[in-house]
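Every read-out reported here was derived from the displayed coordinates using simple, explicitly stated rules and does not represent laboratory data. This one's a predicted model, so the numbers in the text were calculated from it and none came from an experiment. Here the Cβ is made from the backbone with ideal geometry for all residues, glycine too, and neighbour counts use every protein chain on show.
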Amino acid sequence: MSKADLSKQPAQVAAMFDQVSTHYDRTNNVLSMGNAALWRVATTKAVGPRAGETILDVAAGTGTSSASLAKNGATVVAADFSEGMIEVGRRRQADNPFVRFVQADATQLPFDDDEFDAVTISFGLRNIVDPKKALAEFYRVTKPGGRVVICEFSQPPASIVRTGYSAYLRFGMPVLAKLASSNPAAYEYLMDSIEAWPSQPVLADWLREAGFEHVAYRNLTAGIVALHRGYKPRDAGGARAAEVAAPATAAVDEKPAAEKPAAGKPAAEKPAEKSAAGKPAAVKPATEKPATTKAATTKPAPAKAKPTTAKAATAKPTTAKATPAKAKPTTAKPAPAKPTKPATAKPATAKPTTTKPASSDRATGTTGASASGVPPEGE
């Protein structure tokens, strides 16, 4: 009798399954207490085979799962590295034109890239010496937009179920294996491989690492078995390529956002320069300080005095440039000192109709004309 160990050497595992191939399905039904058929139905529904599709069933064994997948008219390639399993399967599925058997190693699948609409494996991934390499092969042979479905023994999340299941594996299953199997020692390996198999979230991470997206899983029979499913990206770039492209796209999106504030600052400074050159300064309150309602409402005179002080600054370019650069025209000392007194006294006594007071007001930076509601000349 042959028994594999957790090193999972392909020759040992193949020889072990060769010896149990004849009564393999019967033993599975006994050891699973009838749940094997329910798990197969759930796996078939998860794959969702459609007529005309080509599906790869890895570790297909005798083809029982492959026949279930082919019921709706899909073409199923049943792959297994156990020659004994394939021989039994070919005899049992000889009349099924939709199932074709191929001897293959899951880590080196003899198929072209993007060949299958779906790839599935039931209770075989944990028997592969390098499961991550097998997942990479699944990804390679799956068509863009295709799916992978894995049905495998897992770790029950509830501690009470996990404890009871562990007791069954250690004490109950060996007794049943002696009654139902021609190689009871082989099922000692089954117990060891189940207990050493990682949890559901770990297998989900392996699928993402292989490149599959939209990875999800659901527990069957309280988590004793779990169904995992993932999809190959439609652009065939893989999940990792999408992650690399995502930061580049984000960077492109961020650049305009960074340039807008930068463009906004010069836009606020340009009206100040234009007003200093003698162009209409009415744009400045709208662009530079729309939110400074205090200066606009309480002291409207200094608001219009800014362009007038810029005119006075034409004689002194050094002071005119310093004021826009610091962006503090409202805090200039001449503005609060002179506008208050002329705003109350001079507009009442001055002659606004004559051109000389208007020109003298603009030259000195007073706010008499703006306080009266009449814009100075040239504005």
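Neighbours of residue 230, meaning other residues whose beta-carbon lies under 12 angstrom from its beta-carbon, give a summed charge of +1 when Lys and Arg score +1 and Asp and Glu score -1.
From the cross-link list 133/178; 71/133; 45/143; 132/232, which pairs have alpha carbons spaced over 26 Å apart?
Working: 133/178 34 Å; 71/133 30 Å; 45/143 19 Å; 132/232 16 Å.
Pairs exceeding the cut-off: 133/178; 71/133.
For residue 220, neighbours were defined as the other residues whose beta-carbon sits under 14 Å from its Cβ, and their charges (Lys and Arg +1, Asp and Glu -1) total +3. For the stretch 139-155, the residues whose backbone nitrogen is under 16 Å from a point 7 Å from the Cα of residue 72, taken along Cα to Cβ, are 146-150.
Here each label is just a point 7 Å from Cα along the line to Cβ, and for residue 129 and residue 179 those points are 3.7 nm apart.
Quick check: residue separation of residue 51 and residue 160 times 0.36 nm, minus the Cα distance between them. What number comes out in nm?
35.0 nm
For the pair residue 199 and residue 112, label points projected 7 Å from Cα toward Cβ lie 4.3 nm apart.
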